[in-house]
Amino acid sequence: MTPKPSLIIDVACAWSYIAFERVASVITDKDRDPDTYPLGFLPHQLDPSATTTGEPLIRVLHERFGPGVDAENDRVRAIAVQEGITLDYENGIHSNTFDAHRAIYDASQAGRGPSMVRALFRAHFSEGENIADPTFLTTTARGLGVELTQDESTRFVRDSLEFVREKKISGVPVLLWEDGTTLKGMQNKSTLAHLLH
């Protein structure tokens with residue numbers, strides 16, 4: 001049996017968004033539905049101290065990285081456009097992603113993992129939504145036919161964050177297979193097509 005891959009991501013990471021769309025595109029090109037493809041998701045948090053109420057993303061980026069971050073944002077935008085992604089940093093909300101990862105777990109259990117991941121990325125990067133807002137998460141989940149859990153998803157995300165830390169993974173995206181094979185960083189579609197059967 002082919003080992004199952006998991007994509008380690010954070011919903012607040014633009015590179016994770018681009019990597020996800022490349023993986024989903026490769027799966028679709030193989031005439032497979034991403035929601036039924038055996039792909040797992042594991043959480044990473046770029047900023048576990050972020051609040052759930054949120055604050056303007058562009059302000060946070062400027063405070064942390066200085067004015068030079070605008071040029072980097074433009075560079076990432078240009079790459080994202082090639083994957084059909086719009087990155088709207090100016091209207092984005094910087095907030096905690098723990099509960100978004102919980103929603104991804106619940107959606108994965110219901111066979112809608114990739115659909116939830118895409119909805120959360122789009123909401124965060126293109127639609128100016130606060131992806132930590134409970135009402136937003138509940139509405140998004142119901143739109144996908146997913147019921148959100150409390151204890152089960154919280155336990156999974158906490159355990160998975162610890163698992164990822166133990167693997168000494170400090171940056172995302174990362175593809176991790178059940179047999180331990182690890183692929184870090186951005187990959188082109190031809191590489192992904194070769195690895196994703």
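The values are calculated or read from the model by the stated rules, or taken from the named source; none is laboratory data. Fair warning: this is a prediction, and the values are worked out from it, not measured in the lab. Note that we place each Cβ from the backbone using ideal geometry, even for glycine, and neighbour counts take in every protein chain shown. The protein model used for the area step is the full one, side chains on, heavy atoms only, and it has no ligands, DNA or RNA in it. Shrake-Rupley method; radii C 1.70, N 1.55, O 1.52, S 1.80 Å.
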(message) Checking the structure you have, find out if any residue of the range 96-106 is touching a residue at least 12 places away in the same chain (Cβ under 8 Å), outside any helix (DSSP H, G or I), closer than 19 Å to residue 19 by Cα and not acidic (Asp, Glu).
(response) yes
(message) Can you tell me which condition residue 105 does not meet? The list is (1) within 23 Å of residue 5 (Cα to Cα); (2) open to solvent by less than 20 Å² (accessible area, probe 1.4 Å); (3) hydroxyl-bearing (Ser, Thr, Tyr), and all the others hold.
(response) (2)
(request) Residue by residue through the range 53-87, note down the ones that are within 24 Å of residue 99 (Cβ to Cβ), more than 17 Å from the chain's Cα centre (by Cα) and of a type outside the set (Gly, Ala, Ser). (result) 53, 55, 56, 58, 59, 60, 61, 63, 64
(request) Select, from 90, 83, 72, the only residue that is more than 30 Å from residue 178 (Cα to Cα), surrounded by fewer than 16 Cβ atoms within 10 Å (Cβ to Cβ) and in contact with a helix residue (DSSP H, G or I) (Cβ under 6 Å, 6 or more places away or on another chain). (result) 90
(message) Of the residues 31, 47, 35, only one is at positive phi and out of contact with any strand residue (DSSP E or B) (no Cβ under 7 Å at 6 or more places or on another chain); which?
(response) 31
(request) For residue 8, indicate whether it is open to solvent by less than 20 Å² (accessible area, probe 1.4 Å), farther than 16 Å from residue 120 by Cα and not small (Gly, Ala, Ser). (result) no
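Go through the range 140-161 and give me each residue that's within 17 Å of residue 114 (Cα to Cα) and loosely packed, with under 15 Cβ neighbours inside 10 Å.
Once the filter is applied, which keeps residues that are within 17 Å of residue 114 (Cα to Cα) and loosely packed, with under 15 Cβ neighbours inside 10 Å, the range 140-161 yields 142, 143, 145, 147.
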(message) Testing residue 33 on (1) under 15 Å from residue 116 (Cβ atoms); (2) buried (at least 16 other Cβ atoms within 10 Å of the Cβ), one condition comes back false. Which one is that?
(response) (2)
(message) Of the conditions (1) open to solvent by 50 Å² or more (accessible area, probe 1.4 Å); (2) part of a helix (DSSP H, G or I), residue 164 satisfies every one except a single condition; which number is it?
(response) (1)
(request) Of all residues in the range 130-161, count the ones that are free of Cβ contacts under 8 Å to residues at least 24 places away in the same chain and part of a loop (DSSP other than H, G, I, E, B). (result) 1
